[in-house]
1. Residue check: is Leu356 open to solvent by less than 20 Å² (accessible area, probe 1.4 Å) and over 20 Å from the mean Cα position of the chain (by Cα)?
2. Pairs, please: C-beta under 9 Å, at least 6 apart or cross-chain, first residue at positive phi and open to solvent by 30 Å² or more (accessible area, probe 1.4 Å) and in the stretch 113-140, second within 11 Å of the ligand (Cβ to nearest atom) and at pLDDT 95 or above?
3. Please verify whether the stretch 185-201 includes one or more residues that are crowded, with 18+ Cβ neighbours inside 10 Å, of a type outside the set (A, V, I, L, M, F, W, C) and either more than 16 Å from the ligand (Cβ to nearest atom) or in contact (Cβ under 8 Å) with a residue 60 or more places away in the chain (or both).
4. Under 7 Å between Cβ atoms, which residue pairs at least 6 apart in sequence (or on different chains) link something in the stretch 154-181 that is free of Cβ contacts under 8 Å to residues at least 24 places away in the same chain with a partner that is part of a loop (DSSP other than H, G, I, E, B) and open to solvent by 50 Å² or more (accessible area, probe 1.4 Å)?
5. Here's a check for you: in the stretch 121-140, which residue that is within 13 Å of the ligand (Cβ to nearest atom) and not charged (D, E, K, R) is nearest to Asp242 (Cα to Cα)?
6. All but one of (1) open to solvent by 50 Å² or more (accessible area, probe 1.4 Å); (2) away from the ligand (no atom under 16 Å from the Cβ) hold for Leu338, so report the exception by its number.
7. Working only within the stretch 20-39, note down all residues that are within 23 Å of Ala375 (Cα to Cα) and open to solvent by 70 Å² or more (accessible area, probe 1.4 Å).
8. Could you tell me whether Gly252 is surrounded by fewer than 21 Cβ atoms within 10 Å (Cβ to Cβ) and not acidic (Asp, Glu)?
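The values are calculated or read from the model by the stated rules, or taken from the named source; none is laboratory data. None of the values given here were measured: they were computed from a predicted structure. Positions of Cβ are backbone-derived with ideal geometry, glycine not excepted, and every protein chain shown enters the neighbour counts. Side chains are part of the model used for accessible areas, which takes the heavy atoms of the whole protein and leaves out ligands, DNA and RNA. Shrake-Rupley method; radii C 1.70, N 1.55, O 1.52, S 1.80 Å.
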Amino acid sequence: MSDLLARHRAVMPDWLTLYYNEPIEIVGGKGCRVVDASGKSYLDFFAGILTNMIGYDVPEVREAVERQLATGVVHTSTVYLLRGQIELAEKIARLSGIEDAKVFFTNSGTEANEAALLLATYARRSDQVLAMRQSYHGRSFGTAGVTGNRSWRNNSLSPLNVHFLHGTDRHLPQFRGMSDAEYIAACVEDLRHVLATAAGGDVAALIAEPVQGVGGFTMAPDGLFAAYKEVLDAEGILFVSDEVQTGWGRTGSAFFGIRNHGVTPDMMTFAKGLGNGFAVGGVVARGDLMDAPHATGLSTFGGNPVSMAAANATLDYVLDHDLQANAARTGALIIDGLREAAPRLPIVGDVRGKGLMFAVELIDPATGAPSPELAAAFMEESRKAGLLVGKGGLHGNVLRMAPPLTLTTEEAAEGLGIVVAALETVNAQVAP
Ligand SMILES: Cc1ncc(COP(=O)(O)O)c(C=O)c1O
């Protein structure tokens, strides 16, 4: 064991998992590549869990942060005017498509979702919330309460009363073989049934990820959330889209993931990629919902001048370079390539994705059961070949990939080649 790993184990929590048999320390980065402490270079298809959204060492972001540092002010607090917050809020409000939108900045996705849940429960005077099975929304009491993934919850303690919905689980036997339209109809019937039976009185909101991140990039068929929203609207139930992973054009086909369903939600939450590594999260909501709480509120570090400088520069970069279109183009190249390879690889149970957010599910070819062991074997192979990817899914058997949105066509082809070669190697070990 390396000295640094031994020191990590001594003082960091056991549940803070590390990837790889020999965990790596990343010490440098440029563009879509990083270098570890041994000097080995990797193409990065996980981008710090979708957070280094436009890659490493981006001059526009670095210079914006350096300009802020040079003022001598890294914090003032929200009791003074914050130009960077106002500018960023104006951009996000405009891009959101939400009516009279207002923005509140936090430091993380967890806090962003807490803020959204506060607004929804306050507006509706209800502690009942709907969430999706296999979801992940954060690690606080409220957000863990709406998380529908056992491997990310230690207990059922929750300040909210939560009912979990179908919609991202068409692999279940009762849904197998259904068309999109049939599955959506079945899910909508179930939602109506939950509201008619399990819910006691008014429900505050539905919170959902358009593509489930930790859940292994599982997603509802396009149109499901529009169908859900019809039912929700009839009862005044609010809709919160958790865009922590899907925002800013990553899905290629829409700037916010929920737009793939033709839906404008009442609120969206965001974090991860917006600051390209600097801590920024937030919620953009209908003005009346945002303004409603009567108690004073603030986040000390939320929307601090340094994060705002980074986030403004990152968002401008995404828009100026039309990275949504790049995500569509390079993502399609990779997803098509993976789909082409899948039929000759019995360990591949599923290939799915949208834009630069794609996943390969690994199964035991003999039984069809989810195989976290094969996913672990793939991780080692791809690391050796110089590619970083992520892992996820309910059973830890899904390879999750989400490169920076600046990925070039050549890098897409290179990464695809490594993924397919590593799949072939692992496949040959179990299904020769
Ligand atoms: C969809 C989603 N929501 C919320 C969160 C929580 O964000 P954070 O880790 O910044 O608190 C995450 C983190 O992975 C996420 O993927």
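1. Working: open to solvent by less than 20 Å² (accessible area, probe 1.4 Å): yes; over 20 Å from the mean Cα position of the chain (by Cα): no.
No, not satisfied.
2. As it stands, the answer is none, since no pair meets every condition given.
3. There is no residue in the stretch 185-201 that is crowded, with 18+ Cβ neighbours inside 10 Å, of a type outside the set (A, V, I, L, M, F, W, C) and either more than 16 Å from the ligand (Cβ to nearest atom) or in contact (Cβ under 8 Å) with a residue 60 or more places away in the chain (or both).
4. Close Cβ pairs (under 7 Å, with a partner that is part of a loop (DSSP other than H, G, I, E, B) and open to solvent by 50 Å² or more (accessible area, probe 1.4 Å)) amount to Met178/Arg170.
5. Among them, the one singled out is His137.
6. If we test Leu338 against (1) open to solvent by 50 Å² or more (accessible area, probe 1.4 Å); (2) away from the ligand (no atom under 16 Å from the Cβ), just (1) comes out false.
7. Residues satisfying the conditions are Asn21, Glu22, Glu25, Ile26, Arg33.
8. Values: surrounded by fewer than 21 Cβ atoms within 10 Å (Cβ to Cβ): no; not acidic (Asp, Glu): yes.
Criteria not met by Gly252.
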